[in-house]
Amino acid sequence: MIGRKAAGSSFLAIAFVSLLKLLFAPVVYASGDPFTAPSPGPGIMAIEGEWQFHLGDDLSWSKADFDDSAWEQLNADSYWGAQTHPGYTGFAWYRKQIHLTGRPGKVAVLIPRVEDAYELFWNGQKIGEFGKLPPHGWRWATPRGVVYPLGTAPLDGVLALRVWEAPLTSTDVNEVGGFFAAPLLGSPAVLTQRITYLQQRHEDLMLPRFIFSGALFITGLIALLLFLRERREFLYLWLALFLIANGLTCFQGLNPVYYGLKSYQADWANAIISALQDISLWLLLLTLFGLHKQKTWKRWTIALAALYLTAMVMDDVILSFWDSAGPAMQWGNAITSGLVSFLPIYLLFIVAFALIRRPQKALLPIALAATIYGIYNLAIGASSQGIRFTHFTFPRYLNPAIPLGPYVFGIPAILNTMFFLVLLFTVARHQALERRRQTHIESEIKSAREIQHVLIPEEAPVIPGFVINSVYKPASEVGGDFLQVIPMLDPTNEPGALIILGDVSGKGLTAAMTVSLIVGTLRTLAEFTQDPADILRGLNQRLLGRTQGGFTTCVAIRIDSTGRTVIANAGHLSPFCAGREIMLPGSLPLGLAAEADYESVTFDLEPDETLTFFTDGVLEARNAKGALYGFDRLSSLMEAQPSVQQVVDAACSFGQEDDITVLSVKRVVDSELHHARLDFVAQIAAG
């Protein structure tokens, strides 16, 4: 009897304690099917079944004792937009009761991709977040799974997810928001290894893309080095920028730095790379097709590039504040992103016009490749605009993929590879032709320089009684200045000199050919007359209609042994004598008017006096600030009666822009001490 009473008392005590626990324990009202399973131990399992779901936001919904029985139920293996709430943006909550039994062990939950940002609660306590909720909300550029520890099994509680979906952009679809795949429960170490494995698996499958992007990037660096070596070859620069931008685009899915970017930071990075890619391709094709030298195409390219960059910057500024985007910001995003998507059509205009203007078989491969490449990228960009309203997607047969072992090569990879190879071939061929043309031009320049050395000799005949010095320095390989010193006999049959100094407008081979015509004519005229005015009249008649719209300035001097000097001028600068300018009557340059006439000025050159002549390359020297050397500086310099070399050095140190020739004639009496000599210093500039 006593034993029965004791047993009855024990039973009553246990029942009483159990009743107290029920009274004071938190009440869990989560409806729906709770997730009940034994502890996974070292394994993992998916949280199956439907979750309680509700639109809106209330932090009390995180508590374990909150009654969510009136909430709707959604699967966690797809977005809420793909189930019952297409196009919904803002806050929403998921709740799921978890009950794990079995042996003890650490348990964690892996929350896979969630659009866009979230906070995770376990029994009302916040245990983690991904991104940042409004105000000042943002999301990560690359959604990925995150592991959060829950505690030690057995477990019993409510897992709540507070989700925020950002306003949709013009390129988003309606079927987004919330869970993309069901969360997993299990060992923290195993769940972490799963994330690492999936990332490594993704990178393994991306190996061909990694190799291709590396090839693009390295080739772009080589092209950049070639441009740094040859700064005038802008084709190398445009090719380098295009290849580097494409290489960076391919690297995006592999670069760990990219995983750590916030969405608006990634938007800026993507926009810069895309702008570099598109604009450099425009410039590259304009150069290949020879359109880069035309003013119309320059203006259009600058205008469209400016519009492109403005739209890109405005679009990214809008996206930087996208957490509070209203209708006005969404319309702004639609307009700016639409411009960025459609402006690459300029590529097709370049190709079409180039083929119509000058069809070349050699450029047909790059034209065809660029057209296919441009149409496909334009179609992809244009079709994504307003996709949540149009619901347009490319049919699978328009986007085939070629499997090769574990790898799959889609249309973008095939087009990029094709365009890359054709582009390199075209650029290499273009550069080979340019090298051939350059070699031919260099050969012609070499021949012209040899001719010029004959026309402007470094040695001249002996002229007793005179010391003549000259420095000639062209601004380019072949200049337009000329001078001739021709020995002659004066009326007393004593040695004298006929000197002609001039400047042909323009530079290069055209000017050099005009110089050769002038020198040949001078030599012929000097056989019939030594009068400077007659010589200029004869030159003027022979140059009419032969200068291709240019002209020639020239001064002719005859100096007798007695010092009598006769000067005639055809639009040239006046000479200086003993540091002072000699005033000459004004006259037209040669080759402009048949009726032009030229007057002579006569004076005596005294013993030890120096007569100095120069071309306008001295006056037109220009410094870094754009100031000309000018007549005032020249007058001050000539007062000191400098040597010809000092005059040339002064102009060159100031900033040479045109050919420079300076010649001085000094009359001497003591022929034994100053025997007849003529010093020429011809300095041929390298460019």
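The values are calculated or read from the model by the stated rules, or taken from the named source; none is laboratory data. Since the model is a prediction, treat every value here as computed from it, not as a measurement. Note that each Cβ is placed from the backbone with ideal geometry, even for glycine, and that neighbours are counted across all protein chains shown. Side chains included, ligands, DNA and RNA excluded: accessible areas come from the protein's heavy atoms. Shrake-Rupley method; radii C 1.70, N 1.55, O 1.52, S 1.80 Å.
Some points to look at:
- Any hit, the range 438-457, residues being in a helix (DSSP H, G or I), at negative phi, at pLDDT 75 or above and not hydrophobic (A, V, I, L, M, F, W, C): yes
- Failed item, numbered, when Val176 is tested on (1) of a type outside the set (Phe, Trp, Tyr); (2) surrounded by 19 or more Cβ atoms within 10 Å (Cβ to Cβ); (3) over 39 Å from the mean Cα position of the chain (by Cα): (3)
- Failed condition for Lys293, given (1) free of Cβ contacts under 8 Å to residues at least 60 places away in the same chain; (2) within 21 Å of the chain's Cα centre (by Cα); (3) surrounded by 15 or more Cβ atoms within 10 Å (Cβ to Cβ): (3)
- Filter pass, Arg667 being open to solvent by 70 Å² or more (accessible area, probe 1.4 Å) and over 46 Å from the mean Cα position of the chain (by Cα): no
- Test: Thr547 is within 25 Å of Glu494 (Cα to Cα), open to solvent by 10 Å² or more (accessible area, probe 1.4 Å), modelled with pLDDT under 90 and not in a strand (DSSP E or B): no
- As for the range 23-30, it holds at least one residue that is modelled with pLDDT under 90 and either open to solvent by less than 20 Å² (accessible area, probe 1.4 Å) or among the basic types (Lys, Arg) (or both).
- Scan of the range 639-656 for residues that are in contact with a Ser or Thr (Cβ under 7 Å, 6 or more places away or on another chain) and part of a helix (DSSP H, G or I), ordered by number: Val644
- Of everything listed in (1) closer than 26 Å to Glu595 by Cβ; (2) open to solvent by 10 Å² or more (accessible area, probe 1.4 Å); (3) at pLDDT below 85, the single unmet condition for Gly480 is (2).
- Within the range 587-615, the residues that satisfy the criterion of being in contact (Cβ under 8 Å) with a residue 12 or more places away in the chain, open to solvent by 40 Å² or more (accessible area, probe 1.4 Å) and in a loop (DSSP other than H, G, I, E, B) are Leu588, Leu592, Ala594, Asp597, Glu599, Glu606, Pro607, Asp608, Glu609.
- Any chance Leu355 is open to solvent by less than 20 Å² (accessible area, probe 1.4 Å) and either in contact with a His (Cβ under 7 Å, 6 or more places away or on another chain) or of a type in the set (A, V, I, L, M, F, W, C) (or both): no
- Residues in the range 599-631 that are within 44 Å of the chain's Cα centre (by Cα) and among the acidic types (Asp, Glu): Asp616, Glu620.
- The range 570-586 - residue that is touching a Pro at 6+ places or on another chain (Cβ under 7 Å) and part of a strand (DSSP E or B) and, of those, surrounded by the most Cβ atoms within 10 Å (Cβ to Cβ): Ala570
- The single condition from (1) under 41 Å from the mean Cα position of the chain (by Cα); (2) modelled with pLDDT of 85 or more that Val190 fails is (1).
- Cross-chain or 6+ apart pairs with Cβ under 8 Å, the range 485-511 first and closer than 25 Å to Leu543 by Cβ and at pLDDT 85 or above, then in a helix (DSSP H, G or I) and charged (D, E, K, R): Ile486/Arg523
- Test: Thr171 is assigned to a loop (DSSP other than H, G, I, E, B), among the hydroxyl-bearing types (Ser, Thr, Tyr) and surrounded by fewer than 21 Cβ atoms within 10 Å (Cβ to Cβ): yes
- Taking every residue in the range 418-444 that is in contact (Cβ under 8 Å) with a residue 60 or more places away in the chain and closer than 15 Å to Trp238 by Cβ and pairing it with any residue that is open to solvent by less than 60 Å² (accessible area, probe 1.4 Å) and acidic (Asp, Glu), at least 6 positions away or on another chain, yields no pair with a Cβ-Cβ distance below 6 Å.
- Pair list, Cβ < 8 Å and 6+ apart or interchain, from the range 519-538 residues that are closer than 17 Å to Ser600 by Cβ to residues that are surrounded by fewer than 17 Cβ atoms within 10 Å (Cβ to Cβ) and among the aliphatic types (A, V, I, L, M): Ala526/Met488; Gln530/Met488
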